[in-house]
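Written below as structure tokens is the structure these notes are about.
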Amino acid sequence: MLRIGIISAATYGYMGAPRTPGSHHGTAFTTTFNGYDEALAKEFPGTFVRAKKRLPDARVTRIWDPHKEWAQKLAKISSIDTVCDTPEECCDNVDAVLIIDDGSGEQAKYAVHPLKKGVPTFCDKPLAMTAKRAQELAKLARSTGTKFMSASSLRFVPDIVKLKEDVKTLGNIHLAQTICGNELVYYGIHALEMAYAVLGRGAVSCFNVGQPGLNQVRVRFENHRDVMLMVGEREWMAPGYQISVYAQKGWRTVKPDLTDLYYYLLEQFLAYLKTGTEVVPIEEEVEVIAVLEAGKRSFKENREVTIAEVLK
């Protein structure tokens, strides 16, 4: 039974907003491992996601949140042994650490301590809001040799895994389109990582031809492939996810079923811990962040932005 510490998991505050009780990812991740007491969960006033599928080979044994009282409530609901006073304490006496998307975009700061300590670490999406920061974390992970993973959960849902196999019969793919709602980096990462999961890495440049709040980013790859990344913010389009690929021998469009999506993500992290086989190379995740940053810079500067210049 692997022991897991979970960091910044009980409250959420999007991009500088005051943190409020509840966490979509924090409660979903916790209940995937530990389950929950339904009567106590009903008393929890904030967001509380009840995982339907369980991973029995690991258990959350430690939790930390900047609002300790809410960490204590989540710990009681999901039978977590220890509520910690610091994020560093949450990395003691565990086999791995999960750092939760807490809305700040800065959750990776909590990865520095466990990486230096040698504790295997999962950092929730987005790894960072800039390519420079993502590179710093990747270099730290490589220099310490600590197992480190960051990824969108949409990489691993069955529909996307199946699409990756299906496209092998379609011949060369030179054009694809991937779509989602909300902010370009923070949520566009899900749409972009669907494309990376199916088609692989190798982005060269970005050109954002959209409008404010309506991003249309042509991502050019080194293999003569263009991926159109379309991300519209909430006032302009409904949330959702879709990917289409257009190939020599046919087309495919998928709107992935998101049922149990965190289960599949956490399953992959546990497999990485057990086998040592890297699921998503850190450098690929850095490239994903660089593409998203290049897309934002392209719109601001009204020009094509190369991935190389973002990664300088």
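Below, the figures for the structure above:
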{"read-out": "Segments 14-25, 214-225 sorted - mean Cβ within 10 Å per residue, highest first", "value": "214-225, 14-25"}
{"read-out": "Against the rule of thumb 2.2 N^0.38 Å, how large the Cα Rg of the stretch 220-312 comes out", "value": "1.36"}
{"read-out": "Shape box of the stretch 161-288 [Cα atoms, principal axes, largest first, Å]", "value": "45, 35, 27"}
{"read-out": "Burial ranking of peptide ranges 94-100, 255-261, 270-276 (average Cβ count within 10 Å, highest at the top)", "value": "94-100, 255-261, 270-276"}
{"read-out": "Within straight-line cross-link reach of LYS164, aspartates and glutamates at Cα separation under 14 Å, skipping those fewer than 8 residues along the same chain", "value": "GLU193"}
{"read-out": "Percent RCO, i.e. relative contact order, over the stretch 2-124, from Cα pairs under 8 Å lying at least 6 residues apart", "value": "33 percent"}
{"read-out": "Check: the stretch 104-155 dipole with +1 on Lys, Arg Cβ and -1 on Asp, Glu Cβ, in debye", "value": "160 debye"}
{"read-out": "For the chain, alpha-carbon Rg over 2.2 N^0.38 Å", "value": "0.99"}
{"read-out": "Spherically averaged projected area in nm², based on the convex hull that wraps the Cα atoms of the stretch 136-212", "value": "7.2 nm²"}
{"read-out": "Where no second cysteine Cβ lies under 4.7 Å, the cysteines concerned in the chain", "value": "CYS91, CYS123, CYS180, CYS206"}
{"read-out": "DSSP-defined beta bridges in the chain - what % are antiparallel, rounded to 5", "value": "55 percent"}
{"read-out": "Residue-averaged 222 nm ellipticity for the chain, from DSSP H runs of 4+ at -39500 (n - 2.57), nearest 500", "value": "-10500 deg cm²/dmol"}
{"read-out": "ASP92 versus ARG234: modelled label distance in nm, points set 7 Å from Cα along the beta carbon direction", "value": "3.9 nm"}
{"read-out": "Span-rule helices in the chain, defined as complete DSSP H runs reaching 24 Å or more along the axis (Cα) with Kyte mean at least -1.0", "value": "282-301"}
{"read-out": "Size-normalised alpha-carbon gyration radius of the stretch 2-124, reference 2.2 N^0.38 Å", "value": "0.95"}
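FYI, it's all coordinate maths here, none of it is from the lab. Quick caveat, the model's predicted, so the values are computed rather than measured. FYI the Cβ positions are ideal-geometry reconstructions off the backbone, even for glycines, and counts take in every protein chain you see.
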